[in-house]
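What follows is a set of notes on a single structure, which appears directly below.
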Amino acid sequence: MRSILFVCLGNICRSPTAEGLMLNHLAAAGLAHIGVDSAGIGGWHAGEPPDRRAIAAARKKGVDLTPLRARQVRKADFSDFDLIVGMDRQNIADLRRLAPAGATARVGLCLEESLGLAREVPDPYYEDERAFDDVFDLCDRAIRAFVDKLRAGG
Ligand code: 4NP
């Protein structure tokens, strides 16, 4: 696998958290050549930095999300990336609906692809600070598993 795109609904909470973690862990593992990006099913927040609560939860653990900017999923993503990872089942359903003919990327659920867990990373947008900490911790577990797989040559 040479490139991975993380997708959630707004691209300001869950998927930028996963992207920031992936960038940090890949750099630490000497795997910075792997392509990483994130995008949203919706374009409402395009051009914006991550939600300040996501930034705060990540900052507490030493991950800087401030350089990231939201964008919407585009058709080219389905051939530009090897793997497109959605955070919840609705994201997966939306990605399958958006995929153009000839799409080559594999589409899968984040915690299933990484940890083999049939579980979602829940949307924290209307929740409290604790939900953002939980999103960070779930994404951290997932990203560590992805990087372990990549280290092993997967
Ligand atoms: P995310 O959270 O999908 O994890 O980025 C959300 C962010 C914004 C909205 C919904 C979810 N929104 O409706 O604007």
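Computed values, structure above
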quantity: From Asp137, Asp133, residue being in contact (Cβ under 8 Å) with a residue 24 or more places away in the chain, surrounded by fewer than 18 Cβ atoms within 10 Å (Cβ to Cβ) and over 28 Å from Lys75 (Cα atoms); calculated: Asp133
quantity: Selected residue (only one of Ala103, Ala145, Ala152 is loosely packed, with under 13 Cβ neighbours inside 10 Å, away from the ligand (no atom under 15 Å from the Cβ), at negative phi and among the hydrophobic types (A, V, I, L, M, F, W, C)); calculated: Ala152
quantity: Residues of the stretch 1-49 that turn out to be near the ligand (Cβ under 8 Å from one of its atoms), within 17 Å of Phe136 (Cα to Cα) and assigned to a loop (DSSP other than H, G, I, E, B), as a count; calculated: 5
quantity: Selection from the stretch 25-63 of residues that are small (Gly, Ala, Ser) and within 14 Å of the chain's Cα centre (by Cα); calculated: Gly35, Ser38, Ala39, Gly40, Ala54, Ala58
quantity: Residue count for the stretch 75-88, restricted to those that are under 24 Å from Phe132 (Cβ atoms) and either touching an Asp or Glu at 6+ places or on another chain (Cβ under 6 Å) or away from the ligand (no atom under 16 Å from the Cβ) (or both); calculated: 2
quantity: Condition check for Arg69: within 14 Å of the chain's Cα centre (by Cα), farther than 24 Å from Ala145 by Cβ and either surrounded by 13 or more Cβ atoms within 10 Å (Cβ to Cβ) or at pLDDT below 95 (or both); calculated: yes
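For (1) touching a residue at least 40 places away in the same chain (Cβ under 8 Å); (2) polar (S, T, N, Q), each residue gets a yes or a no:
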position: Gln72; (1), (2): yes, yes
position: Asn91; (1), (2): yes, yes
position: Leu95; (1), (2): yes, no
position: Gly116; (1), (2): no, no
position: Glu127; (1), (2): no, no
position: Arg141; (1), (2): no, no
position: Leu150; (1), (2): yes, no
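Yes or no, residue by residue, for (1) at negative phi; (2) surrounded by 23 or more Cβ atoms within 10 Å (Cβ to Cβ); (3) in contact (Cβ under 8 Å) with a residue 40 or more places away in the chain:
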{"position": "Asn11", "(1), (2), (3)": "no, yes, yes"}
{"position": "Pro16", "(1), (2), (3)": "yes, yes, yes"}
{"position": "Leu23", "(1), (2), (3)": "yes, no, no"}
{"position": "Gly30", "(1), (2), (3)": "no, no, no"}
{"position": "Ser38", "(1), (2), (3)": "yes, yes, no"}
{"position": "Trp44", "(1), (2), (3)": "yes, no, no"}
{"position": "Ala57", "(1), (2), (3)": "yes, yes, yes"}
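The values are calculated or read from the model by the stated rules, or taken from the named source; none is laboratory data. Computed from a predicted structure; not experimentally measured. In this analysis, Cβ positions are derived from the backbone assuming ideal geometry, glycine residues included, and neighbour counts consider all displayed protein chains.
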